[in-house]
Amino acid sequence: MTNATGTALTHSEAASGSADVIDSIVSTSGNMSKLDVETGTGIGTKIEALSSPATIKEQLFASPNLLLQVQQHQQMINRIVKGEDSRLMVIMGPCSIHDVASAIDYGRRLKRLSESVSDRLCLVMRCYFEKPRTTVGWKGMLHDPSLDGSDDMEKGVRLSRTLLLELAGMGLPLATEALNPLAVSYFDDLISWVAIGARTTESQPHREMASGLSAAVGFKNATDGSFNTATHSIKSAAHPHAFMGMSEQGNIGVVRTKGNSGGHLVLRGGNGQPNYDTLNIARCQHALRDAGLNERIMIDCSHENSGKDHLKQASVLADIAEQIRSGNSSIIGVMLESHINEHRQNISSDMEYGVSITDACMSWEQTERSIKEIYKALK
């Protein structure tokens, strides 16, 4: 690994997980995004230059062995999605990552837990760097890594990729939500599973982007709880597309994709009601079957499936385990919002370590207990 100036880091530095080491990697980015400013087409709009994905990947490069590992993780998850691997996939981690040190701490704990349950469960770390907002608010580490409204996206891109390199270096498969299609090119070589959120599942640019990814993509049901938008997205992403996009060098061009057969539906509840129960899952299976799609379903244990109560995720997970034990083979995975410590907090100058600043999360102890319980239940 190199730092932002191209200086090589020692193995011990790269593997240390120290926030100081990662800060040194991005410290030179301070003015890079402000060197080239152009006036935009809108009133009061300006455009600040951002390093291209190719530049970022060259300076914060993944070794051939690491790239091979990510490809193997992508293939493993695609086998689970297609029913060729019977293990249950668990996407778990903070609602959003805002602190490097606690994310690395979580990753190390997850790696140890994964090794003890890997014969029945495939644990994947949730690494969300972008957050959709209903109106306004903190948009994630990629946008505002300093948590102060400065929106230093050059630093955000570098910090996010550096953290992904650290976590992938532990041997973890990694998951993220693709919110801005342009951002995916900075991380696509390190991500093994991608989510398209309920607000963006209907978006044509996101369907087009998904069609060009090698990672499996989970499309969430619409916010009203309906399935049709997601099934349309799965079918669309499975086909080749041609659309305007950005090359790794940062040039605008025509992107041509081959289609992604790893699309699947993620149930997250809707209209204030859960949809993980047997009746709704049967309805979802019927919708997938009517659309000519494989009946492969992931369930988000948070959001409206838990009534937005982080502590209820454990009971949702237990219900899902019972459905699987009763013979439902369409359920391929679950999602959990989990951190070092439970609850949530507002951004301040004195924040608690390992506590989410977006949605409330389960603590690590609660998470570990839930994972061990579902592991036993799936004997």
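The values are calculated or read from the model by the stated rules, or taken from the named source; none is laboratory data. The shown structure was predicted, so the numbers you read here are calculated from the model rather than taken from an experiment. Cβ atoms come from the backbone with ideal geometry, glycine included; neighbour counts cover every protein chain shown.
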Note to self: Need a quick list: helices (runs of 4 or more DSSP H) entirely within segment 269-379 having at least 3 residues that are more than 23 Å from the chain's Cα centre (by Cα), at pLDDT 95 or above and of a type outside the set (Lys, Arg).
What the structure shows: 278-290, 313-325
Margin query: Which residue is nearest to the chain's Cα centre (by Cα), if the candidates are limited to segment 125-169 and must be among the acidic types (Asp, Glu) and not in a loop (DSSP other than H, G, I, E, B)?
Written below: Glu166
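Condition check ((1) at positive phi; (2) surrounded by 21 or more Cβ atoms within 10 Å (Cβ to Cβ); (3) of a type in the set (A, V, I, L, M, F, W, C)) across all residues:
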| site | (1), (2), (3) |
| --- | --- |
| Ser86 | no, no, no |
| Tyr106 | no, yes, no |
| Arg109 | no, no, no |
| Arg120 | no, no, no |
| Lys131 | no, yes, no |
| Thr134 | no, no, no |
| Gly140 | yes, yes, no |
| Ser146 | no, no, no |
| Gly149 | yes, no, no |
Margin query: With the requirement that a residue be free of Cβ contacts under 8 Å to residues at least 40 places away in the same chain, part of a loop (DSSP other than H, G, I, E, B) and either touching a Phe, Trp or Tyr at 6+ places or on another chain (Cβ under 6 Å) or crowded, with 23+ Cβ neighbours inside 10 Å (or both), what does segment 188-217 give you?
Written below: Thr201
Note to self: Could you check segment 79-98 and list, in sequence order, the residues that are within 18 Å of the chain's Cα centre (by Cα) and either free of Cβ contacts under 8 Å to residues at least 24 places away in the same chain or farther than 11 Å from His339 by Cα (or both)?
What the structure shows: Ile80, Val81, Leu88, Met89, Val90, Ile91, His98
Next item on the list: Taking Tyr353 as meeting all but one of (1) over 18 Å from Val117 (Cα atoms); (2) touching a strand residue (DSSP E or B) at 6+ places or on another chain (Cβ under 9 Å); (3) of a type in the set (Phe, Trp, Tyr), write down the number of the exception.
Entry: (2)
Item checked: From Gly327, Gly354, residue being in contact (Cβ under 8 Å) with a residue 60 or more places away in the chain and among the small types (Gly, Ala, Ser) -> Gly354
Note to self: I'm trying to understand the selection: among the residues of segment 48-74, which are outside any loop (DSSP other than H, G, I, E, B) and surrounded by fewer than 18 Cβ atoms within 10 Å (Cβ to Cβ)?
What the structure shows: Glu48, Ala54, Thr55, Glu58, Pro64, Asn65, Leu66, Leu67, Leu68, Gln71, Gln72
